[in-house]
Amino acid sequence: MSKKILIAHGAGGKLSGELLHEVILPAFDNEILNELHDGAKIGQLAMTTDSYVVRPIFFRGADIGKLSICGTVNDLAVTGAIPKYISVGVILEEGFDFDALKKIVNSMATAAREADVKIVTGDTKVVGKGQADGIFINTAGIGELIDGVDISAKKICAGMKILVSGTIGDHATTILAERHGLELPEKIQSDCAPLNKLVAEMLTVEPKIAMLRDVTRGGLAAVMNEIAQSANVGILLDEKKIPVRDEVRGVCDILGFDVLELANEGKIVAVVPSESSEKILSVMRKNVYGINAAEIGEVVGTSAGKVGLRTEIGGVRIVDMPAGELVPRIC
């Protein structure tokens, strides 16, 4: 591992994995942490925490405030919990605009109301000018686990189907455009959204969903590799079935990005029993945040720990864990 921390150590890819396994886990080793899910399950509760450093702080479709609430809500939801309470810690740089702060706080309040969660505690610190980048936000959340639901990589087996809740890459493409002044159609905006109600609807119709994950840093490529390695199974995705907007694909083609590695902030993947796939998809497509849900692949009994992609021309390529950071400061 590099002897210095790099931007890519926070990207959710290979270097993040090295940091986790070589530094974090050896120091904090315990059975709850070692599940390595988006949140921890403690008795009948779930808990999660995250920090937000996105740049720019305002972007089409959301801002750092909405992002912080939705990210925490979604991390709780994919553990199989009903999100209930959130804490908010804010680090402000001296000179930060007061009206911008009000806008961010109001955005957080609106997102919390939509998700039916309460912001119940928090903290504010101010550092000197030049010692931060405007505003950083940390959130932690607590939720109540749903009875009869057990989201765990241990439940994944060959034959299960892989579902995604909608088009991928929208968030990263939006941030990239905002940052570099690129012009995109109005419909291309961050997918940032609270997905707890969508997840609850899915679990109501099929409590035996094996795995749910929030597709954020590292994109679909990172999440699929993490699932394959945790469950010690192979995963085969079908490129033709993965929903991607034409404009997002065009940006990737121009800049040489792999759309599978682009971050999302309002998409989940689910590993579900084969016989329940269509039933779950039907429920997802009735929710505003799951209209474009699709079945994109399956769990296979070969190539344990590996992810393959059946390409549009019929071949199969390996989907590796992202090596670096396509778009730094994405969330």
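The values are calculated or read from the model by the stated rules, or taken from the named source; none is laboratory data. Treat the numbers as computed from the prediction; the structure is a model and nothing was measured. Neighbour counts are summed over all protein chains in view; Cβ atoms, including those assigned to glycine, are modelled from backbone coordinates with ideal geometry. Only protein heavy atoms, including side chains, enter the accessible area calculation; ligands, DNA and RNA are left aside. Shrake-Rupley method; radii C 1.70, N 1.55, O 1.52, S 1.80 Å.
Structural remarks
- Identity of the residue in region 245-260, part of a helix (DSSP H, G or I) and of a type in the set (D, E, K, R), that ends up surrounded by the most Cβ atoms within 10 Å (Cβ to Cβ): E247
- L237 falls short on exactly one of the conditions (1) over 21 Å from V316 (Cβ atoms); (2) in contact with a Gly (Cβ under 9 Å, 6 or more places away or on another chain); (3) open to solvent by less than 10 Å² (accessible area, probe 1.4 Å), and that condition is (1).
- For the residues A263, A270, the requirement of being outside any loop (DSSP other than H, G, I, E, B) and hydrophobic (A, V, I, L, M, F, W, C) singles out A270.
- Across region 87-104, the number of residues qualifying as more than 15 Å from T124 (Cα to Cα) and not charged (D, E, K, R) comes to 1.
- Residue count for region 287-318 under the criterion of being surrounded by fewer than 22 Cβ atoms within 10 Å (Cβ to Cβ), in contact (Cβ under 8 Å) with a residue 24 or more places away in the chain and assigned to a loop (DSSP other than H, G, I, E, B): the result is 12.
- Lone qualifier among D150, D214, D170 - being surrounded by fewer than 18 Cβ atoms within 10 Å (Cβ to Cβ) and either touching a Pro at 6+ places or on another chain (Cβ under 7 Å) or not small (G, A, S) (or both): D150
- Any hit, region 46-54, residues being at pLDDT 95 or above, within 26 Å of S190 (Cβ to Cβ) and of a type in the set (G, A, S): yes
- Subset tally (residues that are more than 16 Å from D150 (Cα to Cα), over 19 Å from the mean Cα position of the chain (by Cα) and hydrophobic (A, V, I, L, M, F, W, C)) for region 27-57: 2
- Here C157 passes the criteria (1) crowded, with 18+ Cβ neighbours inside 10 Å; (2) touching a strand residue (DSSP E or B) at 6+ places or on another chain (Cβ under 7 Å) except the one numbered (1).
Every residue, every condition in (1) surrounded by 23 or more Cβ atoms within 10 Å (Cβ to Cβ); (2) in contact with a helix residue (DSSP H, G or I) (Cβ under 9 Å, 6 or more places away or on another chain); (3) within 30 Å of E239 (Cβ to Cβ), yes or no:
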| residue | (1), (2), (3) |
| --- | --- |
| G80 | yes, yes, yes |
| G95 | no, no, no |
| T110 | no, yes, no |
| V117 | yes, yes, no |
| T121 | no, no, no |
| V126 | no, no, no |
| E144 | no, no, no |
| K161 | no, yes, yes |
| L176 | no, yes, yes |
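- The condition (being modelled with pLDDT under 95 and closer than 30 Å to D246 by Cα) is satisfied by just one residue among A77, A111, A177, A132: A177.
- Residue list for region 261-278, filter: in contact with a strand residue (DSSP E or B) (Cβ under 9 Å, 6 or more places away or on another chain) and open to solvent by 60 Å² or more (accessible area, probe 1.4 Å): E278
- Search result, residues across region 26-53 that are touching an Asp or Glu at 6+ places or on another chain (Cβ under 8 Å), open to solvent by 60 Å² or more (accessible area, probe 1.4 Å) and under 20 Å from G122 (Cβ atoms): L45
- The residue list V105, V73, V23 contains one member that is crowded, with 19+ Cβ neighbours inside 10 Å and not polar (S, T, N, Q), which is V73.
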